[in-house]
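Worksheet for the structure shown next.
The values are calculated or read from the model by the stated rules, or taken from the named source; none is laboratory data. In this text the structure is predicted, and so the values were computed from the model without any measurement. Every residue, glycine as well, gets a Cβ built from its backbone with ideal geometry; the counts of neighbours run over all protein chains shown. The area values use the complete protein model at the heavy-atom level, side chains included, leaving out ligands, DNA and RNA. Shrake-Rupley method; radii C 1.70, N 1.55, O 1.52, S 1.80 Å.
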Amino acid sequence: MSFRSRLVIGGLIVALIPVLFLGLLVRGVGVRRLSEANAQRMAERAGRLTAAWASAGETLGERLGTLETLLAEENEVRVALRTARGQALQDAVARYANSSGVSVAGVLDRTGTILAASHFPGDAGRRDPVLASLADNRGAMVVTTLSLPSSDATVVARAERIGVAGIEVIVVVAEELAALGLVPAGEGVALLAASEGDAQGGRERVFGGEGLAESGYHGRQGIGRVLWQGWEEPGETVPVELALAWRDPLLADLVRSYDRALLFSLAVAGVLALFLGRAMSRRLSKPVERLAATARRVHMGRLDEAFGSGGGRELDRLGVFLNGMLQRIRKGIAQVKDAEKRATLGELARQVNHDVRNGLVPIRNVMDHLGEAHRDGPAELAGAFDARAGTLTASLDYLGELADRYRAVAVHGARERTDLREVARSVVEANRAAPPGVRVTGEPGREPAWVEMDAVSLRRVVENLVGNAVEAVRGGGGGGVRVTVEAARDGDRPGYRLTVADDGPGIPADVRARVFEPFFTTRREGSGLGLAIARRLVRDVGGSIVLESGEGRGTVVAVQLNRAEAGR
């Protein structure tokens, strides 16, 4: 991952995290405050509902007591119970229900047979053990389901076993939950009933609050406990926890609004951070990229480069330090090259002097001997020559072998098959990162140009020519270097011509005459061997090299090489 990409990603993270944190904080505070307000309001409502349940129990208890008094004190009712004349009992129960306003009033015998019922007069004589089992709770409030003329309804009932005229009967009074105000009215609130096992397992019964069971609720407040008949099985009575549950539409809308606002804020912050991050990364990375490009050119051997400024105080200081380091390196390299050249030339001169002297000493001795013999006469000269001819021949052979040995260590090219266009293309690519103000372009072509020269020597030739052209253009204040390869014939021999042209200041005539001399150079850091080696390598493989230049009109160097046949 690039430095610029890291800056952009870092900007996104830095921008999005505060927005996300602040959005979640505001959302959490808003939801918490509204939830607390709802909980307080619903706690007050749950308190009123708890009081309503307690009041309903007292009301049903009073009505149950009134029914017991009616059965015990009215003679007609007592006679009806003794004589089993059910109509009088039915009329009495009906009058009681109408006068008290109770929805359900009934009298059953000890076996559970209905003797009179206000809600269903025709039930007299029907045995209902489930209804009779309400009396087993000794007057406690029990929630159960009864069949009313309109439909089945959930009611709150109280029942007791009493004795009337020596006969044991069961009296029952009941009222619908809604009629007693035991089911909260209004949207988003409901009455929840759950046994202990169901509350843990998630099974609950909901009364009121349309759609609350499906959508869920935001909170619940306990009301109390009540007995519930028929919770799982008919006739089974279990204790049930009652609670007020609510779902606030305003809270749900608020959460959705917060979420939409948060997502929108994150999107806007992300887009802004992306643009700002890219702009800042470009601003920050450009100086670093310039330093890296300069360092890359230095790595490729362009020690005459200089690290620029304009990247801020820290990068400018780094550039100053790097330029100082490069200056010391250039100075050290120049000193080393000069010392190496001097040492090499001195050692070579000493070695040649020693070897040549070793070969010349016997020859000088022979010549002295022959001179002395010549003074003594022709006969002595002939004898001396015959005697010393072997020494003379051996010394000359030694000098010949010495010349061959020194020629063996000289540079020379090998006739191997190499693609001139590929070498030229690679050299051009290597010099793309030229010094500021210098442009290196090339049109080497696409098809291979096979020539008779080994790849190493050919690259040395092209690099020397392109390097000299770049230095000439750079020293002249800038310009371009153009490298081309084209098919060309040298007489009857087909071949290829490499041309390196620059629009530098050109070469004066007095200097142009010596450019191919070994160790001749006009640059302080130059060795004076580049063009000399290039000409030697080209001539060793039967090629030619020509330089054309003039002051103020640039320089063109053309190298003609023979075409290599396939399979060589």
### Message
So, in region 537-557, how many residues would count as being farther than 20 Å from ASP510 by Cα and either of a type in the set (A, V, I, L, M, F, W, C) or surrounded by fewer than 20 Cβ atoms within 10 Å (Cβ to Cβ) (or both)?
### Response
7
#### Entry: Of all residues making up region 75-98, the number that are small (Gly, Ala, Ser) and either in a loop (DSSP other than H, G, I, E, B) or in contact with a Gly (Cβ under 8 Å, 6 or more places away or on another chain) (or both)
3
## Note on the structure
Residue count, region 485-522, condition of a type in the set (Lys, Arg), buried (at least 16 other Cβ atoms within 10 Å of the Cβ) and not in a helix (DSSP H, G or I), comes to 1
## Note on the structure
Picked from region 510-541 (must be modelled with pLDDT of 85 or more and in contact with a Gly (Cβ under 9 Å, 6 or more places away or on another chain)), the residue farthest from VAL451 (Cα to Cα) is ARG536
### Message
Quick check on region 390-413: of everything there that is within 22 Å of ALA558 (Cβ to Cβ) and open to solvent by less than 80 Å² (accessible area, probe 1.4 Å), which residue is modelled with the highest pLDDT?
### Response
GLY413
#### Entry: Contacts under 6 angstrom Cβ, first residue in region 499-522 being more than 15 Å from VAL557 (Cα to Cα), partner among the small types (Gly, Ala, Ser) and surrounded by 14 or more Cβ atoms within 10 Å (Cβ to Cβ), 6 or more apart
PRO518/ALA532; PHE519/GLY528; PHE520/GLY528; THR521/GLY528
### Task
Report, by residue number, each residue of region 99-120 that is β-branched (Val, Ile, Thr) and assigned to a loop (DSSP other than H, G, I, E, B).
VAL102, THR111
### Members of region 226-243 that are surrounded by 13 or more Cβ atoms within 10 Å (Cβ to Cβ) and within 26 Å of LEU131 (Cβ to Cβ)
VAL226, LEU227, TRP228, GLN229, GLY230, TRP231, GLY235, THR237, VAL238, VAL240, GLU241, LEU242
### Message
Checking VAL93 against (1) open to solvent by 30 Å² or more (accessible area, probe 1.4 Å); (2) more than 30 Å from LYS286 (Cβ to Cβ): exactly one of these is not met. Which one?
### Response
(1)
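I need the full set of residues from region 51-75 which are among the polar types (S, T, N, Q) and open to solvent by 50 Å² or more (accessible area, probe 1.4 Å), in order please.
Those that are among the polar types (S, T, N, Q) and open to solvent by 50 Å² or more (accessible area, probe 1.4 Å): SER55, THR66, THR69, ASN75.
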### Query
Among the residues of region 188-207, how many are over 18 Å from LEU177 (Cα atoms) and at pLDDT 85 or above?
0
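What's the total number of residues in region 437-450 that are more than 29 Å from ALA566 (Cα to Cα) and either without any contact (Cβ under 8 Å) to a residue 40 or more places away in the chain or β-branched (Val, Ile, Thr) (or both)?
Counting residues in region 437-450 that are more than 29 Å from ALA566 (Cα to Cα) and either without any contact (Cβ under 8 Å) to a residue 40 or more places away in the chain or β-branched (Val, Ile, Thr) (or both) gives 3.
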### Task
Just need a number here: residues in region 418-455 that are in a strand (DSSP E or B) and over 19 Å from ALA293 (Cα atoms).
7
### Task
Count, please, the residues in region 438-477 that happen to be surrounded by fewer than 17 Cβ atoms within 10 Å (Cβ to Cβ), out of contact with any strand residue (DSSP E or B) (no Cβ under 8 Å at 6 or more places or on another chain) and at pLDDT below 85.
4
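Residues are listed down the side, and each one gets a yes or a no for (1) open to solvent by less than 70 Å² (accessible area, probe 1.4 Å); (2) aromatic (Phe, Trp, Tyr); (3) under 39 Å from the mean Cα position of the chain (by Cα):
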| site | (1), (2), (3) |
| --- | --- |
| LEU251 | yes, no, yes |
| LEU254 | yes, no, yes |
| ASP259 | yes, no, yes |
| PHE264 | no, yes, yes |
| ALA267 | yes, no, yes |
| VAL271 | no, no, yes |
| ARG278 | no, no, yes |
## Note on the structure
Within region 126-181, the count of residues that are touching a helix residue (DSSP H, G or I) at 6+ places or on another chain (Cβ under 8 Å), within 25 Å of GLU76 (Cα to Cα) and open to solvent by less than 20 Å² (accessible area, probe 1.4 Å) comes to 8
### Task
Give the residues of region 280-301 that are open to solvent by less than 70 Å² (accessible area, probe 1.4 Å) and at pLDDT 70 or above, sorted by residue number.
PRO287, VAL288, LEU291, ALA292, ALA293, THR294, ALA295, ARG297, VAL298
### Query
Got a number for residues in region 74-124 being under 20 Å from VAL156 (Cβ atoms) and in contact (Cβ under 8 Å) with a residue 24 or more places away in the chain?
14
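Consider ARG330 carefully, then state whether it is of a type in the set (Lys, Arg), modelled with pLDDT of 75 or more, out of contact with any Cys (no Cβ under 6 Å at 6 or more places or on another chain) and open to solvent by 60 Å² or more (accessible area, probe 1.4 Å).
When the stated conditions are applied, ARG330 does not pass them.
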### Task
Return a yes/no flag: does region 487-499 have any residue that is farther than 19 Å from GLU429 by Cβ, of a type in the set (Gly, Ala, Ser) and modelled with pLDDT under 85.
yes
